[in-house]
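Each remark here refers to the structure printed beneath this line.
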């Protein structure tokens, strides 16, 4: 004769969690906004687009130089203090000495090309609105590209007079 199996408690292995979460069998509902609308983009995707817009803004005049540079976006700066010996040439910092962007030397990169790294969270925390964030991203991209090319940032993106 078979012995009855005692009912398992929620959270134990072998329990059917789906029944607790989806009582009526309707399954998970889809997002309210279709993926084609801007509302469904994540903050990281929006920031990536701002960096691409900044590069596209500089491309007509500096396209040849931009083709030799890789761009990367990281959420926050690394905690380690990396110096020139680790492959990091320079960083742009704010008043609180928090890095906003960094240039990675060509010999320290696996592809053999220099890389400009833009830090998303420090820039987002300093922006008042999306337009201000766009200007900050462009400013950091211009500054790091100017450092990499050894020219003045005003030569890369002249100020409007």
Ranked by how many other beta carbons lie within 10 Å on average, peptides 63-76, 134-147, 112-125, 45-58 from highest
134-147, 112-125, 45-58, 63-76
When the convex hull of its Cα atoms is projected in every direction, mean area for the stretch 38-151 (nm²):
7.9 nm²
Just order 150-158, 99-107 by mean Cβ neighbour count inside 10 Å, highest at the front, would you?
99-107, 150-158
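Quick note: the coordinates plus some simple rules give every number you see, no bench work behind them. Since the structure is predicted, the reported quantities are computational estimates derived from the model, not experimental observations. So basically every Cβ, Gly included, is an ideal-geometry build from the backbone, and we count neighbours across all protein chains shown.
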